[in-house]
1. State yes or no: is B:Glu407 at the interface with chain A (Cβ under 8 Å from one of its Cβ atoms), within 16 Å of the ligand (Cβ to nearest atom) and out of contact with any strand residue (DSSP E or B) (no Cβ under 6 Å at 6 or more places or on another chain)?
2. With the requirement that a residue be part of a loop (DSSP other than H, G, I, E, B) and either within 7 Å of the ligand (Cβ to nearest atom) or without any contact (Cβ under 8 Å) to a residue 60 or more places away in the chain (or both), what does the range B:140-155 give you?
3. Looking at the structure I just gave you, is A:Ala304 of a type in the set (A, V, I, L, M, F, W, C), more than 13 Å from every other protein chain (Cβ to nearest Cβ) and assigned to a helix (DSSP H, G or I)?
4. Please verify whether A:Phe116 is more than 14 Å from chain B (Cβ to nearest Cβ) and in a helix (DSSP H, G or I), treating the condition exactly as stated.
5. Here is a check on your reading of the model: is B:Thr187 of a type in the set (S, T, N, Q) and either open to solvent by 30 Å² or more (accessible area, probe 1.4 Å) or in the same structural domain as B:Glu38 (by TED's automatic domain parsing) (or both)?
6. Here's a check for you: in the range A:303-337, which residue that is open to solvent by 10 Å² or more (accessible area, probe 1.4 Å) and among the aliphatic types (A, V, I, L, M) is nearest to A:Phe236 (Cα to Cα)?
7. Scan the range B:1-22 for residues that are touching a residue at least 60 places away in the same chain (Cβ under 8 Å) and in a helix (DSSP H, G or I) and jot them down.
8. Determine whether B:Ala226 is near the ligand (Cβ under 10 Å from one of its atoms), outside any loop (DSSP other than H, G, I, E, B) and buried (at least 20 other Cβ atoms within 10 Å of the Cβ).
Amino acid sequence: MIDFELSEEQRMIRETVEAFARDEIRPAARAADESGSVPSELIEKIWQLGLVTSAIPEKFGGSADARSAVTGAVVAEELGYGDASIAVHALAPRLFAYPVLEMGTDAQRERYLRRFTSERFVPATAALMEPRFDFDPTDLSTRARRDGSGCVLNGSKCFVPLAQSAESLLVYAASEAGAGFKGVDAFLVPRDAAGVSIGEREKNMGLKPLATCAVALTDVRLDSEARLGGEGGIDFSRLMSEARVALAALGVGIARAAFEYARDYAKERRAFGVPIATKQAVAFILADMAIEIDASRLLVWEAAWRLDRGEDALKESYLAKNYVAASALRVADNAVQVLGGHGYIREHPVEMWLRNTRGLAALDGIATV
Amino acid sequence: MIDFELEPQTLERVKLYHMVAEQMMRPISREYDEREHEKPQQFLEAMWSASALSDAVPESGSKSDGEKKNSGPRLRNLYTVVTTEELCWGDAGLFLSIPNSGLGGAAVMAAGTPEQKERFLKRFRGGKPKWGAMAITEPGCGSDSAAVTTTATRDGDHWVLNGTKIFCTSGQMAAEKSEGFVVVWATVDKSAGRAGIKPFVVEHNTPGMTVVRVENKLGIRASDTAALVFDNCRIPFDHILGSPEVRPEGGFKNVMATFDATRPIVAAMAIGVGRAALDFVADFLKQQNITVRYGISPRRLTAIERDFMEMEVQLKAARLLTWRAAWMLDVGKRNNLEASMAKAKAGLAVTQITQKAVEMLGPLGYSRQYLVEKWMRDAKINDIFEGTQQINMLIVARRILGYGSKELN
Ligand SMILES: Cc1cc2nc3c(=O)[nH]c(=O)nc-3n(C[C@H](O)[C@H](O)[C@H](O)COP(=O)(O)OP(=O)(O)OC[C@H]3O[C@@H](n4cnc5c(N)ncnc54)[C@H](O)[C@@H]3O)c2cc1C
């Protein structure tokens, strides 16, 4: 039966993560944006929240709560509310761990999951995106060619978070061209495997603290153990759906941060003798932000709810992600507008949020719930 | 816990209402758009008998009927919005013309005493078809509903009403063509401002109440929109809803309470019309062998795919906001902010969706051979009545900023 309220447990999780985002992440966000790096103590602190370990089953040393995409979306929104770059950095190990957990063979789970129960942050990542304007996960240029019982990877990837520090990468490649989601496989690739070359750190408009690199794959030879899920492969459509829900939820978080900042500013800032918020032209912008944020969150939750029911949510997550890509950008842009010239100056965070929301819109598949 | 699934009782009824929309409304939709001011008697009779049997006519006083209530859906406001969507998918004008207590009933429910609810609403449980209507808007004031100039003056055991009301939905049916009533908002004390504005039930054919005009409109033509003149119209004293005392917290606040319940319904009306247009476009694309490719790079979508997806997701966003606003009422939460969010979003989104549908279909969209052009005309009203786009934005803005009407107006 219809219910728009989070469970007691989810509310507690939300409160905890929100407080953390407000008190620990947000204060570090600007410095991280300027320096292009995240303080490792902060990453360790986020790790201590157990956002990755909690999904690892007890038999692999984790604490194994049942994973929920709705809960994941709630957590992602709060982290995004703190800072999206730091959030994606802190959650990057999930890009490797969750697909293994969800779709790996027993042997793969046994081999890889334990490391994520460590006390300290374990950098790990996935390589999905490719440097093309029309990058399309259903039509990857990176190819996996069968070679005996193993295979050989060739192609180039970009936007691989933490590629320089991750021990292993989950590399997505097309085993069968033209087969859409079904033709895609994921491979467990050690970073030091022959033929893997990590490029320079990428420089982007936003999400600056997030270390991402291009990765070139030249005749990377892998044995049969490397294919995630073994002969059965993976359900790539589901992984993409989870990724899109996560990215959308992060976007809702940034939008909320921008909205609250602009709202509070507009009540303080005076022009023509009155607070600017008392002018309809400003007040209606703020009202539009509030409506779009709620609409966005509901779309995200609905897609997540479908995932939790084990249903196909490809369409819902795709529409939600695209909706948030546009709405969060508009909210952040309007936040800059509400602050006027002051919004353009890097003393206020709104210009950073504008750059960061554009980043989430450009990305696909680099977060997960 | 988050759940987007409707209750089984509601889902069952949705199917039934869809059949009504498809088999009883769509076939006469064009006809009663063109034959403005004529009524589809057969349809109205059928809907009336169906509602008398149904346990799910929320405004018609069935609340006092405990037994019936238990067998129906638990989330009744939500039930109302989803069934409203279904019927407006059929035809929004015909939906508005269905005999029931309407906005008049909503006002009685919001402002009346238990005795008044029973007295005024029991007529909707049987007998001949009847309509209820509500008249706030005047020639000189619409959005600024607190500026009503119609007066109610006490005269012994009676009130005497004087003034002009316009744009009253089903006003003619309620005032002259059935044994219904009109709830008229009038001031008992101009110096008291808002606090002096009170709702009065004026029975059909009360001397002194005259329907002077029925408007010609852009859309929802099957619904009559009446102008009413009150010229020394005498009504019994106990026809004032709630207390006659002029208190700041009474009276006008009830107008607002009415809107908290009815705005999600108007949002749902919009969504029904929007879905009609979306479904039409979807069928059309199928016929043309155009598939909409969800999940691929947005840079590889055609303009048609993009437009279609945008329509689809906007409609869904509006629906989720609307369901939330209705659900809040059902679980006893104040929904003033959320009701206006839903109404503002749905009104605008569906206006744009239906205009886009006409555009996407080229000459076929503009042609009266299909209903798409009609849906574009029908949709527009949802961004106007029950608070215009701007008025709902104003309410949202006040709520998020913690301002009253003094600071932001
Ligand atoms: C078909 C139809 C059916 C209707 N049914 C009913 C009914 O049953 N009962 C009833 O009482 N009324 C009914 N109405 C009236 C309807 O509610 C009003 O038309 C509506 O509230 C707008 O009022 P108005 O037309 O006087 O426009 P105005 O109030 O004159 O507004 C004109 C424009 O100014 C804008 N505006 C006004 N005030 C502000 C502000 N403070 N800030 C920013 N912008 C502002 C409005 O948004 C609008 O764009 C109906 C109207 C129609 C067309």
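The values are calculated or read from the model by the stated rules, or taken from the named source; none is laboratory data. Everything numeric here is computed off the predicted structure, so don't read it as measured data. Every residue, glycine among them, receives a Cβ derived from its backbone with ideal geometry; neighbour counts consider all protein chains shown. With ligands, DNA and RNA removed, areas are computed over all heavy atoms of the protein, side chains included. Shrake-Rupley method; radii C 1.70, N 1.55, O 1.52, S 1.80 Å.
1. Values: at the interface with chain A (Cβ under 8 Å from one of its Cβ atoms): yes; within 16 Å of the ligand (Cβ to nearest atom): yes; out of contact with any strand residue (DSSP E or B) (no Cβ under 6 Å at 6 or more places or on another chain): yes.
Spelling it out, B:Glu407 is indeed at the interface with chain A (Cβ under 8 Å from one of its Cβ atoms), within 16 Å of the ligand (Cβ to nearest atom) and out of contact with any strand residue (DSSP E or B) (no Cβ under 6 Å at 6 or more places or on another chain).
2. Just the residues of the range B:140-155 that are part of a loop (DSSP other than H, G, I, E, B), to begin with: B:140, B:142-144, B:148-150.
Scanning the range B:140-155 gives B:Gly140, B:Gly142, B:Ser143, B:Asp144, B:Val148, B:Thr149.
3. On the way: of a type in the set (A, V, I, L, M, F, W, C): yes; more than 13 Å from every other protein chain (Cβ to nearest Cβ): no; assigned to a helix (DSSP H, G or I): yes.
When the stated conditions are applied, A:Ala304 does not pass them.
4. Values: more than 14 Å from chain B (Cβ to nearest Cβ): yes; in a helix (DSSP H, G or I): yes.
Yes: the conditions hold for A:Phe116.
5. On the way: of a type in the set (S, T, N, Q): yes; either open to solvent by 30 Å² or more (accessible area, probe 1.4 Å) or in the same structural domain as B:Glu38 (by TED's automatic domain parsing) (or both): no.
In short, no.
6. Only one residue tops the list, namely A:Leu314.
7. Listed by number, the residues that qualify are B:Gln9, B:Thr10, B:Arg13, B:Val14, B:Tyr17, B:His18, B:Val20, B:Ala21, B:Glu22.
8. Numbers: near the ligand (Cβ under 10 Å from one of its atoms): yes; outside any loop (DSSP other than H, G, I, E, B): yes; buried (at least 20 other Cβ atoms within 10 Å of the Cβ): yes.
Yes: the conditions hold for B:Ala226.
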